[in-house]
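I have placed the structure first, in the form of structure tokens, so that the comments after it can refer back to it.
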Amino acid sequence: MQIDFRKMTPEDASAVEVVEKSCFDMPWSRQSFWQEASNDKAYYLLALDGERVIGYVGVWILFDEAQITNVAITPEYQNKGIGRLMMKEIIKISQERKANAMTLEVRPSNKGAIHLYESLGFKSVGRRRGYYEDGEDAEIMWITDLTNIK
């Protein structure tokens, strides 16, 4: 399996929507991804197996902070190290765009994602109560100094 990465364009919105629907009960729409791909403050990185979009990670970079918006990998490609590769690449891209810190929210029930984020240097700093539409809290995680992340 050869996984490649590239920036999402508005034309990728339909393929990204397929990944989104395979991962989430309350998926973002194709229109949302089209708008994100057109937003100059956002950067969405696609993971591809050949021509097929199998995952993505999005980040908003505002001033010197990067906010991860979404991370998704189609179920058949999960637990193969692709998420780690995507996260390392989006961290590198954020550093190149002068971000000094990075944050994200994750479901406390998503132990695999929390373990991945912690292994990359993220630290839990609190919770957003009832953040998700189903009422689950969000764990708030930060890397406060991206300059030390390789």
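The values are calculated or read from the model by the stated rules, or taken from the named source; none is laboratory data. Every value quoted in this text rests on a predicted model; they were computed, and no experiment measured them. So basically every Cβ, Gly included, is an ideal-geometry build from the backbone, and we count neighbours across all protein chains shown. Just so you know, the surface numbers come from the protein's heavy atoms only, side chains and all, with ligands and any DNA or RNA stripped out. Shrake-Rupley method; radii C 1.70, N 1.55, O 1.52, S 1.80 Å.
Of the candidates Ile73, Ile82, Ile54, Ile90, the single residue that is crowded, with 19+ Cβ neighbours inside 10 Å, in contact with a strand residue (DSSP E or B) (Cβ under 8 Å, 6 or more places away or on another chain) and under 24 Å from Glu133 (Cβ atoms) is Ile73. Examine the range 2-18 for a residue that is more than 22 Å from Tyr117 (Cα to Cα), open to solvent by 70 Å² or more (accessible area, probe 1.4 Å) and of a type in the set (S, T, N, Q), and state whether such a residue exists. Among the residues of the range 2-18, at least one is more than 22 Å from Tyr117 (Cα to Cα), open to solvent by 70 Å² or more (accessible area, probe 1.4 Å) and of a type in the set (S, T, N, Q), which makes the answer yes.
Across the range 30-38, not a single residue is classified as of a type in the set (Lys, Arg), open to solvent by 20 Å² or more (accessible area, probe 1.4 Å), at pLDDT below 95 and within 15 Å of the chain's Cα centre (by Cα). Select from the range 120-136 the residues that are closer than 24 Å to Pro75 by Cβ and either among the basic types (Lys, Arg) or surrounded by 11 or more Cβ atoms within 10 Å (Cβ to Cβ) (or both) and write down the one among them that is modelled with the lowest pLDDT. For the range 120-136, the residue satisfying everything is Tyr132. For Gly112, the requirement of being open to solvent by less than 60 Å² (accessible area, probe 1.4 Å), of a type in the set (Gly, Ala, Ser) and part of a helix (DSSP H, G or I) is met.
State whether the residues of the range 71-80 include one that is basic (Lys, Arg) and without any contact (Cβ under 8 Å) to a residue 40 or more places away in the chain. For the range 71-80, residues basic (Lys, Arg) and without any contact (Cβ under 8 Å) to a residue 40 or more places away in the chain: absent.
So, Tyr117, is that one within 23 Å of Met141 (Cα to Cα), hydroxyl-bearing (Ser, Thr, Tyr), open to solvent by less than 50 Å² (accessible area, probe 1.4 Å) and not in a helix (DSSP H, G or I) or not? Answer is no for this residue.
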